[in-house]
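Every read-out reported here was derived from the displayed coordinates using simple, explicitly stated rules and does not represent laboratory data. Since the structure is predicted, the reported quantities are computational estimates derived from the model, not experimental observations. Using ideal geometry, Cβ is built from the backbone for each residue, glycine included, and neighbour counts are taken over all protein chains shown.
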Amino acid sequence: MISPDLLDILACPDCHAPVFLDGDSIQCTGRECRRRYPVRDDIPVMLIDESKALDPQAFDEALARRKEKKS
Ligand SMILES: [Zn+2]
């Protein structure tokens, strides 16, 4: 598992927004960026070349999942 402490210090290398764990990927919270980074062997791969930007609707759904978990 990826520790919450590690997630707290990670930021998107593209837009520098905070990130969070969504399923088995790391999701950027930047609305303009929306990049999603893979996790390999429990290590977040924070490389722009390895990431894919979500479309706006999928991004909103990811953020909604994050809020559900917190409450
Ligand atoms: Zn970003």
Report the charge-dipole magnitude of the range 8-49 in Debye, nearest 20, computed about the Cα centre from +1 at each Lys and Arg Cβ and -1 at each Asp and Glu Cβ.
-> 200 debye
The local net charge around Ile26, scoring Lys/Arg +1 and Asp/Glu -1 for residues other than Ile26 whose Cβ lies under 13 Å from its Cβ, equals 0
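How about the chain: which trypsin sites (Lys or Arg not before Pro) there are in a DSSP loop, with at most 15 other Cβ atoms within 10 Å of their Cβ?
Those satisfying the criteria are Arg31.
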Calc'd 3J(HN,Hα), the range 36-47, phi into Karplus 6.51 cos²θ - 1.76 cosθ + 1.60 (θ = phi - 60°), Hz, glycine/Pro = x, comes to 10, 10, x, 10, 10, 6, 6, 10, x, 9, 8, 10
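Given a cut-off of 14 Å, what percent of all Cα-Cα pairs of the chain lie beyond it? Each step should come with its number before you reach the end.
On the way: 1331 of 2485 pairs.
Within the chain, distances greater than 14 Å cover 54 percent of Cα pairs.
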Report the relative contact order of the chain, percent, no decimals, based on alpha-carbon pairs under 8 angstrom and at least 6 residues apart.
-> 23 percent
The chain, dipole about Cα centre (Lys/Arg Cβ +1, Asp/Glu Cβ -1), debye to the nearest 20 | 260 debye
